[in-house]
1. Report the residue count in the range 26-55 for those that are under 19 Å from the mean Cα position of the chain (by Cα) and within 21 Å of Pro12 (Cβ to Cβ).
2. Condition test on Asp127, is it assigned by TED's automatic domain parsing to the domain that holds Lys171 and under 15 Å from Ile182 (Cβ atoms)?
3. If a residue must be free of Cβ contacts under 8 Å to residues at least 12 places away in the same chain and of a type in the set (Ser, Thr, Tyr), how many such residues does the range 25-58 contain?
4. Among the residues of the range 84-114 satisfying the criterion of being of a type in the set (Asp, Glu) and under 26 Å from Glu4 (Cβ atoms), which is surrounded by the most Cβ atoms within 10 Å (Cβ to Cβ)?
5. Spot the failing condition for Arg174; the list is (1) out of contact with any Phe, Trp or Tyr (no Cβ under 7 Å at 6 or more places or on another chain); (2) surrounded by 10 or more Cβ atoms within 10 Å (Cβ to Cβ), and only one is missed.
6. Pick out, from the range 96-190, the helices (runs of 4 or more DSSP H) lying fully within it that include 1 or more residues that are touching a helix residue (DSSP H, G or I) at 6+ places or on another chain (Cβ under 8 Å) and at pLDDT 90 or above.
Amino acid sequence: MDKERIKVIRDPKAIIVGIEKNRRDILKLLRFNDLTVSQIAEILGKDESTIYRHIKKLEEVGLVNVVGERKRYHIPEKIYGRSSNLYIFAMDEKAPEEEMRIKQEYKKKMTENLINQLKKIGYKVKDEERLLNLLMDFFSSLHREWNEKLENKDLEIDMYQKLFTIYLILKAERDEETGKIIKEISEIIE
């Protein structure tokens with residue numbers, strides 16, 4: 001089965017499965033190599049049965065699939081790979097409240113991680129709570145529009161970040177509101 005370059009995931013159940021921390025760790029590993037359950041378990045330092053349960057959930061929603069098989073002590077073992085190089089989780093705003101809450105918590109954790117990474121490379125943040133809220137709102141609106149542009153496009157994965165950067169520059173240049181938000185963000189970060 002050929003791997004898609006970019007896959008926009010809109011199914012709330014698939015998104016919730018994919019954003020769970022252990023499954024995110026598995027997907028990160030599978031970004032670089034196709035692996036067996038035992039290999040994943042060894043790398044992550046987890047029990048094979050735990051990894052197997054997570055893999056099965058990922059497989060059920062189409063984020064991973066079986067790409068081969070190998071023998072381990074004469075016992076066949078499935079090799080798993082991602083169904084796409086890049087997943088974009090784009091939950092519909094009409095999703096059930098509980099699912100939206102989970103996605104919102106995930107976005108908050110990712111944005112907090114982004115702020116921590118900024119601090120690690122030497123930026124100072126004047127108002128962390130304000131920056132968190134600004135970035136979450138900004139990225140939500142920006143990604144909604146961006147995801148629509150990506151839908152069903154066969155883009156080269158290595159160009160994704162560059163295209164997104166160009167898109168952001170053009171949006172800031174052409175849309176006064178986006179320009180104001182970027183200016184406000186830049187005033188909070190020193």
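1. Number satisfying all stated conditions: 4.
2. Against the criterion (assigned by TED's automatic domain parsing to the domain that holds Lys171 and under 15 Å from Ile182 (Cβ atoms)), Asp127 does not qualify.
3. Counting residues in the range 25-58 that are free of Cβ contacts under 8 Å to residues at least 12 places away in the same chain and of a type in the set (Ser, Thr, Tyr) gives 1.
4. So the residue we want is Glu99.
5. Of the numbered conditions (1) out of contact with any Phe, Trp or Tyr (no Cβ under 7 Å at 6 or more places or on another chain); (2) surrounded by 10 or more Cβ atoms within 10 Å (Cβ to Cβ), the odd one out for Arg174 is (2).
6. The qualifying helices (runs of 4 or more DSSP H) are 97-120, 128-150, 176-188.
Matching residues to (1) among the aromatic types (Phe, Trp, Tyr); (2) in contact with a Ser or Thr (Cβ under 6 Å, 6 or more places away or on another chain):
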residue	(1), (2)
Val64	no, no
Tyr73	yes, no
Glu77	no, yes
His143	no, no
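Okay, residues lined up against (1) over 24 Å from Ala95 (Cα atoms); (2) among the polar types (S, T, N, Q); (3) touching a Lys or Arg at 6+ places or on another chain (Cβ under 7 Å); (4) crowded, with 18+ Cβ neighbours inside 10 Å:
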| residue | (1), (2), (3), (4) |
| --- | --- |
| Pro12 | no, no, no, yes |
| Glu20 | no, no, no, no |
| Val37 | yes, no, no, yes |
| Ile40 | yes, no, no, yes |
| Ile43 | yes, no, no, no |
| Ile51 | yes, no, no, yes |
| Leu58 | no, no, yes, yes |
| Asn65 | yes, yes, no, no |
| Arg70 | yes, no, no, no |
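The values are calculated or read from the model by the stated rules, or taken from the named source; none is laboratory data. Keep in mind that this is a model prediction, so the values were computed, not measured. Positions of Cβ are generated from backbone atoms using ideal geometry, with glycine treated the same way; all protein chains shown enter the neighbour counts.
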